[in-house]
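What follows is a single structure, written as structure tokens, with notes after it.
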Amino acid sequence: MPVLTYRDALNHALREEMERDPDVFLMGEEVGVYQGAYKVSRGLLQQFGDRRVIDTPIAELGFAGIGVGAAMVGLRPVIEFMTWNFALLAIDEVVNSAAKMLYMSGGQIPIPIVFRGPGGAALQLGAQHSQAFESWLANVPGLKVVAPATPYDAKGLLKSAIRDDNPVIFLEGEMLYNNKGEIPEGEYTVPLGLADVKRAGTDVTIVCHSKTVATAEKAARQLAGEHGLEAEVVDLRTIRPLDTETLLASVRKTNRCVIVEEGWPFCGVGAQVVDEIQRHAFDDLDAPVERVTGADVPMPYNKLLERAAKPSVDAVIGAARRAAYVD
Amino acid sequence: MSAVKDAAPPVGARAKLDASRRALYHDLLRQMLHVRYFEEKAGEAYAQGKIGGFCHLYIGQEAVAVGSLAALRPDDYVFAGYREHAHALVRGTTSRAVMAELFGKATGCSKGKGGSMHLFDAARNFLGGHAIVGSHIPLAAGAAFASKYRGTDQVSVCYFGEAAANIGAFHETLNMAALWRLPGIFICENNRYGMGTALERASVVYDISQRSCSYHMAAETVDGMDVLAMYEATRRAVERARAERLPTLLEARTYRYMGHSMADPIHGHYRTKEELEEQKQRDPIAGLRARLEEDGLLDDAQYAELEKGVHAEVEDAVAFAEQSPEPDPAELYTDVYKA
């Protein structure tokens, strides 16, 4: 099977969907001539021309709204935010326009749009360039929120997101672009709203998504090798709609759960997952659900402080041991 | 009180109206009467507690929507703010569907889920009904972008108040619309007040049309109380958009007679009764009526007939709204996602 980077997997998804559907176009800062700030759109301008690959001024609110307006009349825009940090400038169009249009028009006007770009922390970019907005965006009814961890999922989920008739928030891991993985030849999609068990296990469930999937998998290997615990790694892949079925099936099997996310703890994705578990699997739990999150601070610049602010393999191992009453 | 000058009135003797366009003039007059009576009845229903929330009436501004929308084709796109009952009605959404929406009924044009500020009629390309000041200006440019993308000659028209000309979305959009040659017509309904803040207290530029200079965009200042001037100026902008794919900023100098919303007093602390009375001398309906009568194109009986027709239509709409069912409780959870 061919091996591709996460970046190129996304590139292939965009290319294939633009070849398949003439209503799909890509708009954003540096997507064309520059070939993408993170090179996700490499070659697309050359293949599709500047009618369908549109460089914008630095005006997130404006071009996000132009995308929503184009979707209102039936086009299928893919709007790239250079990073999700800058999307805060456009949040009015994402929340007040895109997410609510179908409802407040009484079902008349669907918004088939994808807002995509890198999120989460990279390395030493400081407070304004290092943050995970999953929980903010997943709070809004009308939006779907996707955060793939692997090249395979990134390609399959982006294709599904582009074909979806709703606004889809597509959060790419800024640190994942160079990761490689196997991609099957030919057409495939990964449906939105389905979690994926990345590693089977019996002793504790580790719930994760995006960049924290690698953290969880590494922790699971160490837990098996050094701590005698077999962890099951459940990658949410889609935050909203949340695949509670897969999640609960795992917890009912392991009776213990750790949730890992890069975002801040307060009202985080993990808080929602804990709520689902305590309501639907209360009797199956043998221990309180543990959470490992980013530190509840703006991201510091210093390398050591930054490392301490991110969810670590050691923190996941510690949480799993607590949940399993090993400590 | 106001340092803002209105568009200059015609100097000297004006040209006689073209008798061959009598039907058009009568239709414009009828539509303005329709909007005004509709808004008066909406105001009454609000006072009776039959309409909830915010309700922003258009009384005084009728010439802007009626004159400009007359210059469009049915397949053009229309976006408006939250003072948009008139734009929906003039676009052809029935009085029944609009009034029922204000009443929150299932038969409303947004199934009772939108309300006064979120009227939609996709079949007529009336695309809302947007209540965050300025947020719909990029949306309208998006529809214009779609016309260009598809190679059609549909234009996209956006209505917003003068207060929206200070918000970032306005500037970002005008820049991109001009840069990309999008067939958009941006109609600023300058009614002098953003809620209770006079234009001079919010903007260092009083002539909103001058904002176009920053974007090398064609612009015109129009007497927004003159329905024929609105019609002609919009026709010029439409021609520019269709033939040359160039956007236009039209500033319509108009005035609202009522408070910002039904929750506000008519003049409040921010304007005087005298100013209001003075502005009413520019009334768009009385103005067109007088011109038509002067040129022998309208008599009292015809005027009474027009009034009678719109009164009957609006009263029927009120009765329809009152008798219509509330939305089914299950509607709460529909239309959140498209299946």
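From the list B:49, B:53, exactly one residue is assigned to a loop (DSSP other than H, G, I, E, B), over 27 Å from residue B:251 (Cα atoms), among the small types (Gly, Ala, Ser) and free of Cβ contacts under 8 Å to residues at least 12 places away in the same chain. Which is it? The unique qualifying residue is B:49.
Does residue B:177 count as open to solvent by less than 40 Å² (accessible area, probe 1.4 Å) and either among the small types (Gly, Ala, Ser) or not in a strand (DSSP E or B) (or both)?
Criteria met by residue B:177.
Only residues that are in contact with a Lys or Arg (Cβ under 8 Å, 6 or more places away or on another chain) and either basic (Lys, Arg) or at pLDDT below 95 (or both) were counted in region A:268-327, giving 1. Within the set A:98, A:70, the sole residue that is at the interface with another protein chain (Cβ under 7 Å from one of its Cβ atoms) and surrounded by 24 or more Cβ atoms within 10 Å (Cβ to Cβ) turns out to be A:70. Out of A:224, A:220, report the one residue that is in contact with a Lys or Arg (Cβ under 6 Å, 6 or more places away or on another chain), in a helix (DSSP H, G or I) and either at negative phi or of a type in the set (Phe, Trp, Tyr) (or both). From the options A:224, A:220, the qualifying one is A:220. Taken over region B:129-142, the criterion of being more than 23 Å from residue B:94 (Cβ to Cβ) and either open to solvent by less than 10 Å² (accessible area, probe 1.4 Å) or in a helix (DSSP H, G or I) (or both) is satisfied by B:134, B:135, B:137, B:138, B:139, B:140, B:141, B:142. Out of all the residues in region A:78-90, is one or more in a loop (DSSP other than H, G, I, E, B), free of Cβ contacts under 8 Å to residues at least 12 places away in the same chain and under 21 Å from residue A:52 (Cα atoms)? Taking every residue of region A:78-90 in turn, none turns out to be in a loop (DSSP other than H, G, I, E, B), free of Cβ contacts under 8 Å to residues at least 12 places away in the same chain and under 21 Å from residue A:52 (Cα atoms). What do you reckon, is residue A:203 of a type outside the set (Phe, Trp, Tyr), buried (at least 24 other Cβ atoms within 10 Å of the Cβ) and touching a helix residue (DSSP H, G or I) at 6+ places or on another chain (Cβ under 8 Å)? For residue A:203, the condition - of a type outside the set (Phe, Trp, Tyr), buried (at least 24 other Cβ atoms within 10 Å of the Cβ) and touching a helix residue (DSSP H, G or I) at 6+ places or on another chain (Cβ under 8 Å) - is not met.
Checking each residue in region A:113-155 for being of a type in the set (S, T, N, Q) and under 12 Å from the mean Cα position of the chain (by Cα) picks out A:135, A:150. Only one of the numbered conditions (1) open to solvent by less than 10 Å² (accessible area, probe 1.4 Å); (2) facing chain A (nearest Cβ under 9 Å); (3) not hydroxyl-bearing (Ser, Thr, Tyr) is violated by residue B:126, and that is (2). Taking residues in region A:205-225 that are over 12 Å from residue A:312 (Cβ atoms), and partners anywhere that are in a strand (DSSP E or B) and of a type in the set (S, T, N, Q), the pairs with Cβ atoms closer than 9 Å and at least 6 places apart or on different chains are A:209/A:238. Counting only residues that are in a helix (DSSP H, G or I), open to solvent by less than 10 Å² (accessible area, probe 1.4 Å) and either at the interface with chain A (Cβ under 8 Å from one of its Cβ atoms) or of a type in the set (A, V, I, L, M) (or both), region B:150-167 holds 2 of them. Within region B:89-110, if we keep just the residues that are within 10 Å of another protein chain (Cβ to nearest Cβ) and buried (at least 24 other Cβ atoms within 10 Å of the Cβ), the residue that is farthest from residue B:37 (Cα to Cα) turns out to be B:110.
Just one of (1) touching a residue at least 40 places away in the same chain (Cβ under 8 Å); (2) in a helix (DSSP H, G or I) fails for residue A:96. It is (1). A count restricted to region B:290-339 and to residues that are over 24 Å from the mean Cα position of the chain (by Cα), open to solvent by less than 70 Å² (accessible area, probe 1.4 Å) and within 30 Å of residue A:142 (Cα to Cα) stands at 7. For region B:223-303, the helices (runs of 4 or more DSSP H) that sit wholly inside it and include 2 or more residues that are over 23 Å from residue B:32 (Cα atoms) are B:227-244, B:273-280. The set of residues in region B:50-95 that are among the hydroxyl-bearing types (Ser, Thr, Tyr), over 9 Å from the mean Cα position of the chain (by Cα) and within 19 Å of residue B:186 (Cβ to Cβ) comprises B:77, B:82.
The residues on offer are B:140, B:146, and the sole one that is within 17 Å of residue B:76 (Cβ to Cβ), at the interface with chain A (Cβ under 10 Å from one of its Cβ atoms) and free of Cβ contacts under 8 Å to residues at least 12 places away in the same chain is B:146.
Would you check if there is a residue in region B:268-283 being within 14 Å of chain A (Cβ to nearest Cβ) and at pLDDT below 95? Checked against the condition, which is being within 14 Å of chain A (Cβ to nearest Cβ) and at pLDDT below 95, region B:268-283 yields no hits at all. All conditions but one from (1) surrounded by fewer than 24 Cβ atoms within 10 Å (Cβ to Cβ); (2) touching a strand residue (DSSP E or B) at 6+ places or on another chain (Cβ under 9 Å) apply to residue B:113; the one that does not is (2). Any idea how many residues of region A:164-200 are aliphatic (A, V, I, L, M), assigned to a loop (DSSP other than H, G, I, E, B) and surrounded by fewer than 20 Cβ atoms within 10 Å (Cβ to Cβ)? Total satisfying the criteria: 3.
Every condition in (1) more than 20 Å from residue A:55 (Cβ to Cβ); (2) assigned to a helix (DSSP H, G or I); (3) within 11 Å of chain A (Cβ to nearest Cβ); (4) open to solvent by 20 Å² or more (accessible area, probe 1.4 Å) holds for residue B:170 except the one numbered (4). Taking region B:241-266 as the range and being over 21 Å from the mean Cα position of the chain (by Cα) and surrounded by 15 or more Cβ atoms within 10 Å (Cβ to Cβ) as the test, the residues that pass are B:242, B:245, B:246. The C-beta contact set for region B:62-81 (first residue more than 12 Å from residue B:35 (Cα to Cα), second residue open to solvent by less than 10 Å² (accessible area, probe 1.4 Å) and of a type in the set (Ser, Thr, Tyr), distance under 6 angstrom, 6+ apart or interchain) comprises B:68/B:234; B:71/B:234; B:77/B:156; B:80/B:159. Looking only at region A:18-38, how many residues end up being within 12 Å of another protein chain (Cβ to nearest Cβ) and surrounded by fewer than 16 Cβ atoms within 10 Å (Cβ to Cβ)? Total satisfying the criteria: 1.
Note on region B:193-220: residues that are within 29 Å of residue B:266 (Cβ to Cβ) and either surrounded by fewer than 22 Cβ atoms within 10 Å (Cβ to Cβ) or free of Cβ contacts under 8 Å to residues at least 24 places away in the same chain (or both) amount to 13. Of the residues in region A:39-47, none is within 20 Å of residue A:122 (Cβ to Cβ), open to solvent by 10 Å² or more (accessible area, probe 1.4 Å) and among the β-branched types (Val, Ile, Thr).
If you check A:249, A:214, which single one turns out to be of a type in the set (Gly, Ala, Ser), more than 29 Å from residue A:14 (Cβ to Cβ), open to solvent by 50 Å² or more (accessible area, probe 1.4 Å) and part of a helix (DSSP H, G or I)?
A:249
The values are calculated or read from the model by the stated rules, or taken from the named source; none is laboratory data. As the structure is a computational prediction, the values presented were derived from the model and not from experiment. Ideal geometry is used to build each Cβ from the backbone, glycine not excepted, and the neighbour counts take in all protein chains shown. Note: accessible area is taken over every heavy atom of the protein model, side chains too, but ligands, DNA and RNA are not part of it. Shrake-Rupley method; radii C 1.70, N 1.55, O 1.52, S 1.80 Å.
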